[in-house]
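Reading through the structure tokens given below for one structure.
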Amino acid sequence: MTETRKNRWLLNLVLIVATVGLLGVTMLPLVTSAISSNSQANKPNPSPSQAATPQDQKADIEAQARGYEEVLKREPENSTALRGLLEARLKLNDVKGVIDPLEKLVKLNPNQTEYAVLLAQAKQQLNDPEGAAQAYRNILQSKPGDLNALAGISDLLIKQKRPEAAIGLLQDTLKQAPTANKTQPNSVDTTAVQVLLGKVFASQKRYDEALTTFDEASKTNANDFQPVLYKALVLKEQGKNDEAKPLFDKATSLAPAQFKDQITRLSTTQPSASESGTTSPTTSPTNSAPATPNPGAAPTNPAQSN
């Protein structure tokens with residue numbers, strides 16, 4: 001149940017800052033943040049006089065990486081050293097260098113799917129779509145309702161110009177959800193999968209199907225703000241602002257407090273010229289404000305790591 005809540009939180013963050021069609025929104029820093037949050041929580045912020053230059057910071061991170069590498073020569077399965085090396089290489093934007101520690105962490109922590117998702121994202125950045133797809137499939141074999149894996153592989157399929165495959169995957173997941181949830185309660189979040197399916201339809205400008213899917217998601221969970229928000233965004237994209245406004249208001253009333261201001265901004269911001277084409281924003285938990293959603297925007301490539 002704890003892992004389901006964690007995945008739900010990650011997906012909520014993805015959904016609120018992403019475009020409607022953006023299934024590949026920057027998961028790399030999102031997952032990295034989730035992995036490293038505990039280690040960062042107890043670190044004091046340096047005072048202005050203690051602030052290091054970028055060169056000093058890079059040298060320090062490189063030294064940390066070498067230290068972890070030395071530990072791993074003696075203890076190749078030391079999880080603490082592997083996580084430290086992973087974080088150091090991510091900070092250095094060494095995407096190729098994170099593959100080895102991630103593969104080991106995936107084997108050592110089969111139930112922590114964030115590592116496998118991050119591995120898939122890294123392989124996708126390195127132009128290894130087959131490796132990324134296999135990493136996602138490995139997750140879905142044991143956890144068919146894993147939301148991050150479903151979003152990631154759907155994004156990958158869309159980038160490969162295979163939207164029907166993404167649609168079929170999500171529809172099959174929904175068909176199998178009752179059986180999966182009987183075997184393992186709450187293993188498939190039906191509402192969230194329906195929202196992902198609606199986003200895929202919207203990314204292909206299949207707006208009627210997207211609206212129907214968001215309606216079905218609202219029926220599944222009347223208290224979830226996400227399908228209401230995305231229906232409003234699709235209507236707004238179609239120029240139906242009068243129909244969209246009460247839905248934005250409803251989404252605001254249903255949403256947790258931390259999302260209300262963002263929804264208000266989404267409801268009032270006009271799409272820019274760049275957002276009407278094939279580009280989409282990249283975001284991370286440190287961004288101060290989300291970009292304007294565009295239901296028809298195509299997914300972008302994963303952003304660089306933290």
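The values are calculated or read from the model by the stated rules, or taken from the named source; none is laboratory data. None of the values given here were measured: they were computed from a predicted structure. Cβ coordinates were reconstructed from backbone atoms using ideal geometry, including for glycine residues, and neighbour counts include every protein chain displayed.
Tabulated values for the structure
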quantity	calculated
Any hit, the stretch 210-217, residues being of a type in the set (Phe, Trp, Tyr), surrounded by 14 or more Cβ atoms within 10 Å (Cβ to Cβ), modelled with pLDDT under 95 and outside any loop (DSSP other than H, G, I, E, B)	no
Cβ-Cβ under 9 Å pairs, at least 6 apart or on other chains, the stretch 255-269 side of a type in the set (Phe, Trp, Tyr), far side assigned to a helix (DSSP H, G or I)	259/12; 259/16; 259/225; 259/229; 259/251; 259/252
Among residues of the stretch 208-259, those that are under 14 Å from residue 194 (Cα atoms), of a type in the set (Asp, Glu) and touching a Phe, Trp or Tyr at 6+ places or on another chain (Cβ under 8 Å), counted	1
Options 20, 106, 25, 117: the member that is under 20 Å from residue 196 (Cα atoms) and either part of a helix (DSSP H, G or I) or at pLDDT 90 or above (or both)	117
Near pairs, Cβ below 9 angstrom, 6+ apart or cross-chain, from the stretch 230-241 (surrounded by fewer than 24 Cβ atoms within 10 Å (Cβ to Cβ) and outside any helix (DSSP H, G or I)) to any residue that is at pLDDT 95 or above and among the aromatic types (Phe, Trp, Tyr)	238/207
Matching residues, the stretch 63-103, being among the polar types (S, T, N, Q) and either within 19 Å of the chain's Cα centre (by Cα) or in a loop (DSSP other than H, G, I, E, B) (or both)	78, 93
Residues of the stretch 225-264 classified as charged (D, E, K, R), farther than 14 Å from residue 210 by Cβ and under 23 Å from the mean Cα position of the chain (by Cα), total	2
Considering residues of the stretch 250-266 that are modelled with pLDDT under 95 and of a type in the set (D, E, K, R) only, the residue farthest from residue 223 (Cα to Cα)	265
